[in-house]
Amino acid sequence: MIALYDLKLVNTKVNLLPYKSEIADDWSPIGAAGGDCDSYATAKLQRLVQQGWPERSLRLACCFVEPSAAADKRDRYHAVLLADWDGQTWVLDNRYPLPMEYQMLPYEWHKFWNHDLNAWEYADNADRSYA
C-alpha cells in the first residue's frame, strides 16, 4: 500500500548517500560513491517506482533555492523529486531530512517533468532566460 511512510523512508535512505559535486548533470541515480541533487532525485524516483508507486504521481523538478543569496542563477539551481499523494504534493529533497509540503518551501520553481510531453515544461512565471 502506497503511503507517506514510503516517501519518508526513501528520502531518508537516499539522503544518507554522500553528496559529491558533478561538473555536468547526468541525471544518473546516486550510487555508493555519491552524487549531486539530480542524482538524489532520480534515485528516489527509481526506488519509489520499484516499490509500486505510479510513475505519473512522481515528477522531477528544478528550482532556484535561496533566491536572494546569489547573483548567478547557476549557483542556486537545484533538482528535487515531487510526489503526489493524498491530495498533496510532497518534495523529496536532499536538503531536508523528511519530505516537505510543496507550498512550504521558499523555492523559485523553474521546470517540471511532464510525462505526457516526455519533456520539461516551465513553471508559471518561470525565468525562461535560464535553460
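Okay, here's what the table says:
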read-out	value
Selection from ALA43, ALA32, LEU58 lying farthest towards where the dipole of the chain points positive, charges on Cβ	ALA32
Trypsin sites (Lys or Arg not before Pro) restricted to the stretch 1-52 and DSSP loop, no more than 15 other C-beta within 10 Å	LYS20
Nitroxide proxy distance, nm - points 7 Å out along Cα→Cβ at TRP85 and SER57	0.8 nm
Inter-label distance, nm, simple model (7 Å from Cα along the C-beta direction), ARG128/LEU4	3.7 nm
Net dipole in debye of the chain [+1 Lys, Arg Cβ; -1 Asp, Glu Cβ; about Cα centre; nearest 20]	300 debye
Global geometry of the stretch 4-122, whether rounded, prolate or oblate, following the gyration tensor of its Cα atoms and the 1.5 cut on a/c	rounded
Loop trypsin sites (Lys or Arg not before Pro), the stretch 48-131, which have at most 11 other Cβ atoms in a 10 Å radius of their Cβ (DSSP)	ARG128
Listed residue (LEU16, VAL80, HIS115) projecting farthest to the positive dipole end of the chain, Cβ model	LEU16
Calculated from backbone phi, Karplus (6.51, -1.76, 1.60) coupling profile of the stretch 113-122 in Hz, x at Gly/Pro	6, 10, 5, 5, 8, 6, 7, 6, 9, 5
Cβ-placed point charges (K, R +1; D, E -1), dipole of the stretch 69-116 about Cα centre in debye, nearest 20	260 debye
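Read-outs: derived from the displayed coordinates by stated rules, not from any lab. From a predicted model like this one, the values you see are computed outputs, not experimental measurements. Quick reminder, even Gly has a Cβ in these numbers, built from the backbone with ideal geometry, and neighbours come from all protein chains shown.
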